[in-house]
Amino acid sequence: MDTPPLSGSDSDSDDSLVTDRELQDAFSQGLLKPGLNVVLEGPKKAVNDVSGLKQCLAEFKRDLEWVERLDVTLGPVPEVSGPQSTPQNKDQKTVDPEDDFQREMSFYRQAQAAVLAVLPRLHQLKVPTKRPSDYFAEMAKSDQQMQKIRQKLQAKQAAMEKSEKAKQLRALRKYGKKVQTEVLQKRQREKTHMMNAVKKYQKGFSDKLDFLEGDQKPVGRRTKEGAKGQQMKKGPSAKRRYKNQKFGFGGKKKGSKWNTRESYDDVSSFRAKTAHGKGLKRPGKKGSNKRPGKRTREKMKSRTH
């Protein structure tokens, strides 16, 4: 069925519609046959073409000396610390390809075995194996690239140091805030303790004024007995000693100098000469040194004038 070509997307849509209709008609008539999809009869068989492989090898093989090739095939170096390896131990100690450490160690030991086998051979052939002291080789990366890497590493190290310093500052601030809170709480406890002691003293529940010294600390029930014992060992405070000296040690004050029957009967301290003025006179109390009266002094002054 021939149709005039259309331009743009309309032509594509019409072509697709026409082809779909044709396919549907062909499918209904049974004209469609398999061949659009490739049907595999079975799994692909692997072919070991030995002759072909040898032919490819002969094409690119070159007969060069060993110094030019430097090829060697060896197994890994045996472990020195372990026991001597046997074929059974080798089978048991197969390398697990999924274990990264074992795989890398096997590569390392195999390279080590190759170096140990090749070095004497190179020395026999008089091939130098060490880099000369004046050897100069261009770096794989340019100086600018290495400078960028160095700057990046320095920036990373500076950022890590800055972060560490910030962590330390935060820790110090947290510790300082904790100490400040403890000091404020301690002051509040001392203030509360002093106010309670003042109220007790005002109401007459206590006669102690130790809270005025400012050194008292609020103590618990368990530490009160120990504090009292220490105070008893140290003795009364200076304020208490001054009050004892001024007001006495307590007890009855009135009538302390009254006579009793025992004091009235006690005449052991009585001195008759002292009582009647016949005793020894005090030194410096002589009659000749007695000061004259006022009128006598005035008469004496008038006589002199």
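Annotation note: Cβ proximity below 7 Å between a residue of the stretch 77-105 that is outside any helix (DSSP H, G or I) and a residue that is open to solvent by less than 90 Å² (accessible area, probe 1.4 Å) and modelled with pLDDT under 65 (sequence gap 6+ or interchain) occurs for Pro78/Ser85.
Do you know which of the residues in the stretch 133-170 that are part of a helix (DSSP H, G or I) and among the polar types (S, T, N, Q) is farthest from Trp66 (Cα to Cα)? Lay out the reasoning, then the answer.
Our first condition is that a residue be part of a helix (DSSP H, G or I); within the stretch 133-170, this holds for 143-170.
Of the ones still in play, those that are also among the polar types (S, T, N, Q) are 144-145, 147, 151, 154, 157, 163, 168.
Numbers: Gln144: 40, Gln145: 38, Gln147: 41, Gln151: 46, Gln154: 47, Gln157: 49, Ser163: 57, Gln168: 63 Å.
Per the stated criteria, the residue is Gln168.
Among the residues that make up the stretch 121-132, is at least one of them farther than 30 Å from Thr73 by Cβ and either in a loop (DSSP other than H, G, I, E, B) or open to solvent by 70 Å² or more (accessible area, probe 1.4 Å) (or both)? Yes, because at least one residue in the stretch 121-132 is farther than 30 Å from Thr73 by Cβ and either in a loop (DSSP other than H, G, I, E, B) or open to solvent by 70 Å² or more (accessible area, probe 1.4 Å) (or both).
The values are calculated or read from the model by the stated rules, or taken from the named source; none is laboratory data. Predicted model, so just to flag it, every value in this text is computed and none were measured. A quick note on method: Cβ atoms are made from the backbone with ideal geometry, for glycine too, and the neighbour counts reach across all protein chains shown. Accessible surface areas use protein heavy atoms only, side chains included; no ligands, DNA or RNA. Shrake-Rupley method; radii C 1.70, N 1.55, O 1.52, S 1.80 Å.
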